[in-house]
Amino acid sequence: MFLNTFLVVVTDLAAGLLGNALFRRHFHLLLSAMVVFGPLLNFWVSQYSVFAKRSHFLYRVFLRSGWGWTCIFVGSFTFLLTFSVRRSIPLTLRHLSRLAVAGVLWVGLRKVLGLLENATGSCYEPLSSAPDLSAGQNGASQPLLLLREGETKAACVSAGLMWRGYEVSEDVFLLCLCCLLLAEETGVFGPYLKLGGVSGAPLRIIFLFCVLLLSLWLFLLFCLLAYFPQFPTQLLGGALACLSWRATYQGWYHMGPSWYCPGRPGMGLLTT
């Protein structure tokens, strides 16, 4: 009884926060502020921290498979909520199709960004240092770079060479996109509970896991910006994620459910 009461209280508080109109209206502004001002924290954070190493457990386990974790928990929550309310397979699949749209965006934009990097970048081989004529009397030296023609970024990096070109941070793009998706998909749980919707322990547990996953993505985004600042590649990644969210959840999905539009979260589930 105590554990069940604790679960109900915690999930009600989290659902109230995520379902709050003020939070849902300004959450993307919070992410934007993190991406813009987060790299400034590099002047204060300790470079000896465990989070200053790319080999940290959280980076290896969660960041590299962030989209998979998001699909598992958001998909489970959406399926349980939709099917338990309406018992309709077509309606459940329609709501789950928003995850498929986000997945196509993630894979498609990764391909486009990869093509852009290969088209605008070049591969260089560092050579021995030589005096820099522009250094003046201080005698400073800079490494000479030998241009390698016809190399792709993947082949260049795997060979231990140096790649220079226009890049967009895929990590920041993925984390911002997952955060916006989690906030949108789980934000419907608060209004659902206010309308007296039935919610068993499995649905509340999955919702709590989604909240924890959202907190983890925000924390990893903070760590990337603070410990590994890369301007403007991270800014471009965050902007691309916000544009994707604006085009889908704030644009396309507002057209209403139809054969070409999955509709907004909660459409067909809530009575008001």
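The values are calculated or read from the model by the stated rules, or taken from the named source; none is laboratory data. Values in this document were obtained by computation on a predicted structure and should not be read as measured data. Methodologically, a virtual Cβ is constructed for each residue, glycine included, from the backbone with ideal geometry; neighbour enumeration extends over all protein chains shown.
Overview of values
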| read-out | value |
| --- | --- |
| Residues that are loosely packed, with under 12 Cβ neighbours inside 10 Å and either closer than 15 Å to Val107 by Cα or among the small types (Gly, Ala, Ser) (or both), drawn from segment 49-64 | Ser55, Arg64 |
| Per-region count, segment 65-89, residues hydroxyl-bearing (Ser, Thr, Tyr) and surrounded by fewer than 16 Cβ atoms within 10 Å (Cβ to Cβ) | 2 |
| Check on Leu243, surrounded by 20 or more Cβ atoms within 10 Å (Cβ to Cβ) and among the hydrophobic types (A, V, I, L, M, F, W, C) | no |
| Failed item, numbered, when Gly196 is tested on (1) part of a loop (DSSP other than H, G, I, E, B); (2) modelled with pLDDT under 80; (3) among the small types (Gly, Ala, Ser) | (2) |
| Test: residue in segment 19-38 that is in a loop (DSSP other than H, G, I, E, B), charged (D, E, K, R), surrounded by fewer than 16 Cβ atoms within 10 Å (Cβ to Cβ) and modelled with pLDDT under 95 | no |
| Selection status of Thr92, surrounded by 14 or more Cβ atoms within 10 Å (Cβ to Cβ) and free of Cβ contacts under 8 Å to residues at least 40 places away in the same chain | yes |
| Selection count where residues are closer than 16 Å to Cys176 by Cα, of a type in the set (A, V, I, L, M) and touching a residue at least 12 places away in the same chain (Cβ under 8 Å), scope segment 193-236 | 12 |
| Number of the exception - Ala21 against (1) touching a Leu at 6+ places or on another chain (Cβ under 9 Å); (2) not assigned by TED's automatic domain parsing to the domain that holds Pro202 | (1) |
| Extreme residue, farthest from Ala33 (Cα to Cα), among residues of segment 228-272 that are of a type in the set (A, V, I, L, M, F, W, C), outside any helix (DSSP H, G or I) and at pLDDT 90 or above | Cys261 |
